[in-house]
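Participant: Can you read through this structure? Questions will come right after.
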Amino acid sequence: MTLPVPADVLSKLKSVLGPDGWSVDPDRLAPKLVEWRGRWRGETPLLALPRTTEEVAAVVGICFEHGVAITPQGGNTGLVGGQIPEGEILLSTERLRRVRDVAPIDDCIVVEAGVTLLETQQAAAEAGRFFPLSLAAEGTATIGGNISTNAGGTAVLRYGVMRDLVLGLEAVLPNGEVFQGLKRLRKDNTGYDLKQLLIGAEGTLGVITAASLKLFPVMVSRATAVVGLASPQAAVDLLVRAKAETGGGVEAFELMGRRGVENVLKNIPDTREMLSEPHPWYVLIELTSGEPGAAEAGMERLLAAAFEEGLIADAALAQNEAQAKAFWRVREDQSAGQKPEGAAWKHDVSVPLSRIADFIVEATAAAERFHPGARVVAFGHVGDGNVHFDVLQPVGADGAAFSALRDEGSKIIHDLVAAYDGSISAEHGLGRMKSAEALRYKSPVQVEAMRAIRAALDPKRIMNPRVLF
């Protein structure tokens, strides 16, 4: 339980932040104290709003001196509760807003932690480059949060997760010292790669204030298609064919079940069927190329071959950007389409690609045995083995009663993930939601090593104290 913050510490924090650098206004705090799904609601004695790395360092240094806990927060789009305080100082990076440098020759962009993912993409595009991380919340999600949770998104198949896209970091460590690691090098073989400790650490080893990120050439041709198919196994077989057919040109390969599509069509305005007839499963495929017309030609060859082999039953190739965006909207609104359907047990898991079809089938059967009438919605980045496996309450059921079974039901799903040699958190992190549960699946050696690293950098355990063991 977080102890009350002494009045003299609050006074010191207000002094270093200046009159516009903090808030206790309930209306200002309210949207920062609730998680997007409403599962976690928190409280804080002070919202710290530093504008510079030096101010972040001053805040953290004061808190370290007095043993006062801090919860860092970016865009508050996290889905495992790690950004919601329970009495700690809430340190928002929203005013760390500068794009410090764009270096096309180095294929690098340097941005501060509060810059949104969308703004980063736009700054790269203005310089004739491409930043590939993309996810549904990119207009709100910030770079600092993306790095702290090692965000994945829709282009991992080709470009990797956030961990693969970071060249260097600047961060304030738990004692208030600034880690100056904003290099833009692809090669730096001089010992431990300390930035990698901070990536995915969920704010437990410090506050990320800026990052050097990789940029890529802009692809001049892009083809987007939706296909209807019979099963997840058909989707895996199609992906294998797509990789071979395009020589690595597959940028996105997103799986959706019919139930998830129906939720979007029912609950999200201005959405429509992607194909003329309904299908049990859908895949959204995006191919890109640096050669004009190559992606379109590759997609046509792929679809023709897939039809001939019986892998797909129907397909629609986007004829323009508006149609491509309409396809993507059905995928990106899978979670939003669920919200009006009531309570849900959410699972963000990954298993080896070769076993993903078997997992979906077996996990669906297990969920339906455990709670007859439960509605499984499985979707996600099948190209990298990441499935969002959500179990919705039966139609007309009591949501509170269904939610009360979440932990028991999720254990069944997560035990199956472990049996498939997978991970119970593919891209959202552990946060408050899964930190205790992860102890069942991490080996004692792994847990103790992580605890030792944390104790070395944060001996007073002031950074995000309820997250990561």
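Participant: Share of Cα-Cα pairs in region 333-469 beyond 25 Å, in percent? If you can, show how the numbers build up before the last one.
Facilitator: Numbers: 3003 of 9316 pairs.
Summing the P(r) of region 333-469 above 25 Å gives 32 percent of all pairs.
Participant: Here's another thing I want to ask about it. Once every DSSP H run of n ≥ 4 in the chain is given -39500 (n - 2.57) and the sum is divided by its residues, what mean residue ellipticity at 222 nm do you get, rounded to the nearest 500 deg cm²/dmol? Intermediate results must be reported in sequence, preceding the final value.
Facilitator: Values: 18 runs with 173 residues, N = 469.
Theoretical 222 nm ellipticity from helices: -10500 deg cm²/dmol.
Participant: If you keep only loop residues by DSSP, which chymotrypsin sites (Phe, Trp or Tyr not before Pro) in region 129-223 have at most 16 other Cβ atoms within 10 Å of their Cβ?
Facilitator: On the way: sites: Phe130, Tyr159, Phe179, Tyr192; in loops: Tyr192.
Of the chymotrypsin sites (Phe, Trp or Tyr not before Pro), the ones in loops of region 129-223 whose Cβ has at most 16 other Cβ atoms within 10 Å are Tyr192.
Participant: Please work out how much accessible surface Trp22 shows to a 1.4 Å probe, ignoring ligands, DNA and RNA, in Å² rounded to 10.
Facilitator: We get 70 Å² for Trp22.
Participant: Over region 316-469, what is the relative contact order in percent, taking alpha-carbon pairs closer than 8 angstrom and at least six residues apart?
Facilitator: Numbers: 167 pairs, mean separation 38.7, N = 154.
Relative contact order comes out at 25 percent.
Participant: Here's a follow-up. Within straight cross-link reach of Lys411, meaning Cα distance under 27 Å, which lysines are found once same-chain residues fewer than 8 apart are removed?
Facilitator: Lys339, Lys346, Lys434, Lys442
Participant: Treating the angle as unsigned and between 0 and 90°, give the value, to the nearest 10°, between the Cα long axis of helix 444-457 and the longest Cα principal axis of the chain.
Facilitator: That works out to roughly 40 degrees.
Participant: Ok, one more. Against the empirical 2.2 N^0.38 Å scaling, what ratio does the C-alpha Rg of region 390-460 come to? Intermediate values should be presented prior to the final figure.
Facilitator: Values: Rg = 15.7 Å, N = 71, 2.2 N^0.38 = 11.1 Å.
For region 390-460, the normalised Cα radius of gyration comes out at 1.41.
Participant: Please list, or write none, the aspartates and glutamates whose alpha carbon is within less than 16 Å of the alpha carbon of Lys12, excluding same-chain residues fewer than 8 places away.
Facilitator: Within the straight-line cut-off, Lys12 pairs with Asp20, Glu54, Glu55, Glu65, Glu88.
Participant: In addition: Nearest 20 debye, what's the magnitude of the dipole of region 72-159 about its Cα centre given +1 on Lys and Arg Cβ and -1 on Asp and Glu Cβ? Walk me through the numbers before you get to the answer.
Facilitator: On the way: 6 positive and 10 negative charges, 23 e Å.
The dipole of region 72-159 has a size of about 100 debye.
Participant: For region 18-77, what relative contact order do you get, as a whole percent, if you take Cα pairs closer than 8 Å and at least 6 residues apart? Mind dumping the intermediate values first?
Facilitator: On the way: 36 pairs, mean separation 21.2, N = 60.
Over region 18-77, the number comes to 35 percent.
Participant: For the chain, what does the accessible surface come to per residue with a 1.4 Å probe? Please give it in Å².
Facilitator: 42 Å²
Participant: Could you give me the percent of Cα pairs per 5 Å distance bin for region 1-119, shortest bin first, beginning at zero and ending with the bin that holds the maximum distance?
Facilitator: Reading the bins upward from 0: 2, 11, 20, 22, 19, 13, 7, 4, 2, 1, 0.
Participant: Specify the angular offset, from 0 to 90 degrees and rounded to the nearest 10, of the alpha carbon long axis of helix 232-246 from the longest principal axis of the alpha carbons in the chain.
Facilitator: Orientation of helix 232-246: about 90 degrees from the principal axis.
Participant: I'd like the orientation of helix 356-370 relative to the chain: the angle between its Cα long axis and the longest Cα principal axis, in ° from 0 to 90, rounded to 10.
Facilitator: For 356-370 against the chain, the angle is about 80 degrees.
Participant: Continuing with this model, one more query. Using only the alpha-carbon atoms of the chain, report the extent along each of the three principal axes, biggest first, to the nearest angstrom.
Facilitator: 72, 57, 45
Participant: Which is farthest toward the positive dipole end of region 172-237 among Gly206, Val236, Leu182, measuring Cα position about the Cα centre, with Cβ charges +1 (Lys, Arg) and -1 (Asp, Glu)?
Facilitator: After comparing all options, I get Leu182.
Participant: Just need the relative contact order of region 1-132 here, percent rounded to a whole number, with Cα pairs under 8 Å and 6+ apart. Before the final figure, lay out the partial values.
Facilitator: Working: 212 pairs, mean separation 29.4, N = 132.
Result for region 1-132 is 22 percent.
Participant: Determine the shape class of region 420-469: with a ≥ b ≥ c the square roots of the Cα gyration tensor eigenvalues, call it rounded for a/c under 1.5, and otherwise prolate if a/b is greater than b/c, oblate otherwise.
Facilitator: Details: a/c = 2.50, a/b = 1.50, b/c = 1.66.
The shape class here is oblate.
Participant: Separate question: Going Cα to Cα from Lys14, which lysines come in below 21 Å? Please leave out same-chain ones fewer than 8 positions away.
Facilitator: Correct list for Lys14: Lys32.
Participant: Going by a ≥ b ≥ c, the root eigenvalues of the Cα gyration tensor, does region 95-207 fall in the rounded group (a/c under 1.5), the prolate group (a/b larger than b/c) or the oblate group? Don't jump to the answer; show the numbers that get you there.
Facilitator: Numbers: a/c = 1.41, a/b = 1.28, b/c = 1.11.
Since a/c stays below 1.5, the shape of region 95-207 is classed as rounded.
Participant: Efficiency by 1/(1 + (r/R0)^6): what FRET value for Ala305 and Leu353, r their Cβ-Cβ distance, R0 = 22 Å, to the nearest 0.05? Numbers along the way, then the final one.
Facilitator: Details: r = 20 Å, r/R0 = 0.91.
Using R0 = 22 Å, I get an efficiency of 0.65.
Participant: When the chain is fully extended, how far beyond the present Cα-Cα distance does Arg28 get from Asp270, taking 0.36 nm per residue of separation? Intermediate results must be reported in sequence, preceding the final value.
Facilitator: On the way: separation 242, 0.36 × 242 = 87.12 nm, distance 3.20 nm.
Gain on extension, Arg28 to Asp270, equals 83.9 nm.
Participant: Work out the length of the dipole vector of the chain about its Cα centre, built from +1 on the beta-carbon of each Lys and Arg and -1 on the beta-carbon of each Asp and Glu, and round it to the nearest 20 debye.
Facilitator: 860 debye
Participant: Just name one of Leu255, Tyr159, Val417: the one whose Cα is farthest towards the positive end of the charge dipole of the chain (beta-carbon charges, Lys/Arg +1, Asp/Glu -1).
Facilitator: So the residue we want is Val417.
Participant: Looking only at Cα atoms, what is the convex hull volume of region 203-357 per residue, in Å³?
Facilitator: Working: hull volume 26.6 nm³, N = 155.
Cα convex hull per residue, to the nearest whole number: 171 Å³.
Participant: Among Gln319, Ala304, Ala294, which residue has its Cα positioned farthest towards the positive end of the charge dipole of region 285-332, with +1 placed on the Cβ of Lys and Arg, -1 on the Cβ of Asp and Glu, and the dipole taken about the Cα centre?
Facilitator: Of Gln319, Ala304, Ala294, it is Gln319.
Participant: In addition: Based on the Cβ-Cβ distance of Asp415 and Ala456, what FRET efficiency does E = 1/(1 + (r/R0)^6) give at R0 = 35 Å, to the nearest 0.05?
Facilitator: 0.60
The values are calculated or read from the model by the stated rules, or taken from the named source; none is laboratory data. Bear in mind that the values here come from a model prediction, so they are computed numbers and not experimental data. Every residue, glycine among them, receives a Cβ derived from its backbone with ideal geometry; neighbour counts consider all protein chains shown. Ligands, DNA and RNA are excluded from the accessible area calculation, which covers all protein heavy atoms including side chains. Shrake-Rupley method; radii C 1.70, N 1.55, O 1.52, S 1.80 Å.
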